Amino acid sequence: MPDCYECLRRLIYQAADLATDDASLRQSAIKEAIKILDDEFSYSQVSIVIATKINKVVREMTHNPDPYRATKEREMTIARELYPELRSRYKEGLRGCLKLAAAANVIDFFREPGSIKEDIRKPVSFALDDSAQLETRLKEAGKVLYLADNAGELYFDLPLVKWMRRFVNVIYVVKPSPVQDDLTLEDLRMSGLEGEFGKVISTGIASPGIVFSLASAQFKQEFESADLIFAKGMGHYEALSELPPEGRFFYCLKAKCKPVASSLGVPINSYVAMLQ
């Protein structure tokens, strides 16, 4: 969709801008990234594959391994400060934990901190709500892979991970190294909460969502053998919705863009808790 092209183009300028103050380096990175975008963009290509290449070229050409570091730290601070207030608003059971986890999916590197703070405080109501099926599936499952999204969401994911762990073995999946504002192993360690999540692995690839062709053997093995894949955010939805629906993918996200919202059949900015 044209929206995806524009979004990827916006990503190029933002990433390059965050990566360096050197104008000539920035221009070279933008030029190279736009070439990738124009060569690769098509309606059959998944945008997260292109975004992965764009992020990689910007990191390499600007010699900055983590252009979104400051953005991510700001988002984590907002989330950490707002978490106690929001935790008390949602009930203890699965549905309350699910809504709490979904609330933090408003975090987005294209948004200003003020609008994130405002939106995260709004009550969550799901336009698609398969939470009852999720509860049934969790009580039958042996292993769940929980695919983490933005770094700030980890505080809001933890109650849900802990609730799930009462019934099932949960593996929390993060990125091995920085990409956009996604949660990495290092971010998790720095938060001091790594031990709270139980088993943690990485996807093996610094990509938004999952690019399966580049993911690690360990991740692929865990993915194949999991009874349920709990996927946070639009990047994971983009990746997994390309696969045949097996009734083991559970999406928890805010549909922040038109292409994702129309694919899900919900109004833009709706919250979704959907089994597929």
- Test result for Asp21, over 27 Å from Phe212 (Cα atoms) and open to solvent by 80 Å² or more (accessible area, probe 1.4 Å): yes
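Can you go through Ala226, Ala217, Ala206 and tell me which one is open to solvent by 20 Å² or more (accessible area, probe 1.4 Å), out of contact with any His (no Cβ under 7 Å at 6 or more places or on another chain) and modelled with pLDDT of 95 or more?
On the way: Ala226 fails: open to solvent by 20 Å² or more (accessible area, probe 1.4 Å); Ala206 fails: open to solvent by 20 Å² or more (accessible area, probe 1.4 Å).
Every option except Ala217 fails the conditions.
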Being in contact with a helix residue (DSSP H, G or I) (Cβ under 8 Å, 6 or more places away or on another chain), more than 22 Å from Gln14 (Cα to Cα) and part of a helix (DSSP H, G or I), is that true of even one residue in segment 120-128? yes
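Taking segment 124-144 on its own, how many of its residues are touching a Phe, Trp or Tyr at 6+ places or on another chain (Cβ under 6 Å) and surrounded by fewer than 16 Cβ atoms within 10 Å (Cβ to Cβ)? Walk me through it before giving the result.
Residues of segment 124-144 touching a Phe, Trp or Tyr at 6+ places or on another chain (Cβ under 6 Å): 124, 126, 134, 138-139, 144.
Adding the requirement that they be surrounded by fewer than 16 Cβ atoms within 10 Å (Cβ to Cβ) leaves 139.
Adding up the residues that qualify gives 1.
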Sole miss for Phe156 among (1) of a type in the set (Phe, Trp, Tyr); (2) part of a helix (DSSP H, G or I); (3) open to solvent by 20 Å² or more (accessible area, probe 1.4 Å) is condition (3)
Given the conditions (1) within 23 Å of the chain's Cα centre (by Cα); (2) modelled with pLDDT of 95 or more; (3) of a type in the set (S, T, N, Q), every one holds for Thr62 apart from (1)
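Listed here are the residues, each with its yes/no results for (1) within 15 Å of the chain's Cα centre (by Cα); (2) modelled with pLDDT of 95 or more; (3) not small (Gly, Ala, Ser).
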residue: Tyr83; (1), (2), (3): no, yes, yes
residue: Leu86; (1), (2), (3): no, yes, yes
residue: Arg95; (1), (2), (3): no, yes, yes
residue: Lys99; (1), (2), (3): no, yes, yes
residue: Phe109; (1), (2), (3): yes, no, yes
residue: Pro113; (1), (2), (3): no, no, yes
residue: Arg121; (1), (2), (3): no, yes, yes
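The values are calculated or read from the model by the stated rules, or taken from the named source; none is laboratory data. Since this is a predicted model, take the numbers as computed values, not measurements. Virtual Cβ from ideal backbone geometry, glycine too; neighbours counted across all protein chains shown. Heads up: the accessible areas ignore ligands, DNA and RNA and are worked out on the full protein's heavy atoms, side chains in. Shrake-Rupley method; radii C 1.70, N 1.55, O 1.52, S 1.80 Å.
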